[in-house]
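What follows is calculated from the coordinates using simple rules that are stated; it is not laboratory data. Remember, it's a predicted structure, so these values are computed and weren't measured experimentally. Cβ sites come from the backbone with ideal geometry, for glycine too, and all protein chains shown count toward neighbours.
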Amino acid sequence: MLYALPAPAFWLGVWQLCAFLVDRRLAGKGNELLLPYPLSVWNALASMAGTGEFWATIFFSLGRIALGLTCGIVIGAALAALTCASPWADRLLSPAIRVVRAAPVASFILLVLLWTGRNHVPAVISATMVVPVVWDNLSRGIQAMDRKLLELAQCYRFSRWKTVTLLYLPALRPYILTALTTATGLAWKSGVAAEVLCLPEPSLGQRIYYTKYYLDIPELFAWTAATVALSMVLERLLRACLARWGRGWGT
């Protein structure tokens, strides 16, 4: 674990030095409005973490984004199976999915905000951003399947469930891992961005917006640090769960 300490320590030192230089430049006036010291941010974070409101905010944001992530994974997987099974479905749906992937997230946030309540926007946006990622990875995995193995499964009259569990899942394992890890980070970032714009109550995005609005910069840094740390923890947990689950698929 010690090998991981030098990099964070280095960047904390850079942050401390930059804050000190800003403080010197402003002669101690207004430093906290531009670049607060790491200790100021830590004190703000520790103060917030001792309140139930802090944990309720995290819980509600996690719930919205997790719902969107789950829906996006299911829809993306279904679309991948459909477009790979039917050329007509591929011609019809692939352009629309690519348009969604290329369109700015902010445009979708504003459109969804017009069509639905603000509390539903983060989940919808997270799902919308996840679908193209899952579809693209699984489509490439399905197309790369060994056709001889599928023909062999037909000769031995494998059921669909047996074909999926014994052939498709092991072959698609690297594509599934890539899709889920990428989708999780994207869902989290787009979901929090949606919260910043539509301000559901309570949410991480709402807190980030209000701290910026009231120029409480140490608290702004603290909420941002909490958001980043939570994203990293979730990604590590997901990787660990997928690695453990994937051991049963074989190589």
Treating only Lys and Arg (+1) and Asp and Glu (-1) as charged, each at its beta carbon, one finds that the range 123-192 has a dipole about its Cα centre, in Debye to the nearest 20, of 200 debye
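Based on Cβ point charges of +1 for Lys and Arg and -1 for Asp and Glu, what charge dipole magnitude is obtained for the chain about its Cα centre, in debye rounded to the nearest 20?
860 debye
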Total charge of the residues flanking residue 175 in space, meaning their Cβ is under 12 Å from its Cβ, with Lys and Arg +1 and Asp and Glu -1, is +1
For the range 20-131, the Debye formula with one identical point scatterer on each Cα and no solvent gives log10 I(q)/I(0) at q = 0.11, 0.18, 0.20, 0.22 Å⁻¹ as -0.62, -0.95, -1.03, -1.11
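Return the equivalent ellipsoid semi-axes of the chain as a descending list in whole Å, where each equals the square root of 5 times an eigenvalue of the C-alpha gyration tensor.
Whole-Å semi-axes of the equivalent ellipsoid: 43, 22, 15.
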With -39,500 (n - 2.57) per DSSP H segment of 4 or more residues and division by the full residue count of the chain, the 222 nm estimate, nearest 500 deg cm²/dmol, is -27000 deg cm²/dmol
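For an R0 of 25 angstrom, estimate the FRET efficiency from the Cβ-Cβ distance between residue 146 and residue 237 and round to the nearest 0.05.
Efficiency at R0 = 25 Å is approximately 0.20.
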If one builds a Gaussian network model of the chain from Cα atoms under 10 Å apart, the most fluctuating residue listed among 96, 179, 80 is 96
